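The structure under discussion appears below in the form of structure tokens.
The values are calculated or read from the model by the stated rules, or taken from the named source; none is laboratory data. None of these values were measured; they are calculated from a predicted model. We place every Cβ from the backbone using ideal geometry, glycine too, and count neighbours over all the protein chains shown. We work out accessible area using only protein heavy atoms, side chains counted, and drop any ligands, DNA or RNA first. Shrake-Rupley method; radii C 1.70, N 1.55, O 1.52, S 1.80 Å.
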Amino acid sequence: QAQLVESGGGLVQAGGSLRLSCAASIRAFVISTVAWFRQAPGKEREFVAAITWHGASTRYPDSGKGRFTISRDNAKNTVNLQMDSLKPEDTAIYYCAGSTGVVPVSVDSYKYWGQGTQVTVSS
């Protein structure tokens, strides 16, 4: 089984930065990819970024990397999401998710989910 726990959310002013972390407690070979999704009120869950467990490959939405950067900290066994130049429209619950696939983008490809962390960007 895999357990994913997010941290680092909070309230930030527009233009600011936040760094989210996802701590993964897994058994070997359960997860191949860790991704970040977000869900704003009244909207569908949206793919933000993904990285393979060993950090060799990353993937971002078709619109491009944008202002967010995903990375892997092997020493701490965490996956981080650096978010810069935040905008009010980035306000959402951010979820960490684990998949046995290789950087998939669909919600259905992810079997393991964290509880989410709230990010609120004020204007």
- prompt: Where does the range 5-55 land on the Kirkwood hydrodynamic radius, alpha-carbon pairs, in angstrom?
  reply: 13.1 Å
- line: Note: the range 14-105 at 4 °C, 1.567 mPa s; Kirkwood Rh on alpha carbon pairs; Stokes-Einstein D in µm²/s works out to 96 µm²/s
- prompt: At a 1.4 Å probe radius, carbon and sulfur cover how many percent of the accessible area of the chain?
  reply: 47 percent
- line: Mean accessible area per residue over the chain (1.4 angstrom probe, all protein chains present, square angstrom) is 53 Å²
- prompt: Assigning unit charges at the beta carbon (Lys, Arg +1; Asp, Glu -1) and nothing else, what dipole magnitude in debye, to the nearest 20, does the chain show about its Cα centre?
  reply: 220 debye
- request: Using R₀ = 30 Å, calculate the FRET efficiency as 1/(1 + (r/R₀)^6) where r is the Cβ-Cβ separation of residue 57 and residue 120; round to 0.05.
  value: 0.45
- request: In Å³ and rounded to a whole number, note down the convex hull volume per residue for the Cα atoms of the range 72-123.
  value: 112 Å³
- request: Determine how large the accessible area of residue 95 is when every protein chain is in place; take a 1.4 Å probe and give Å² rounded to the nearest 10.
  value: 30 Å²
- line: Measure of exposure for residue 31: accessible area at 1.4 Å probe, Å² rounded to 10, is 10 Å²
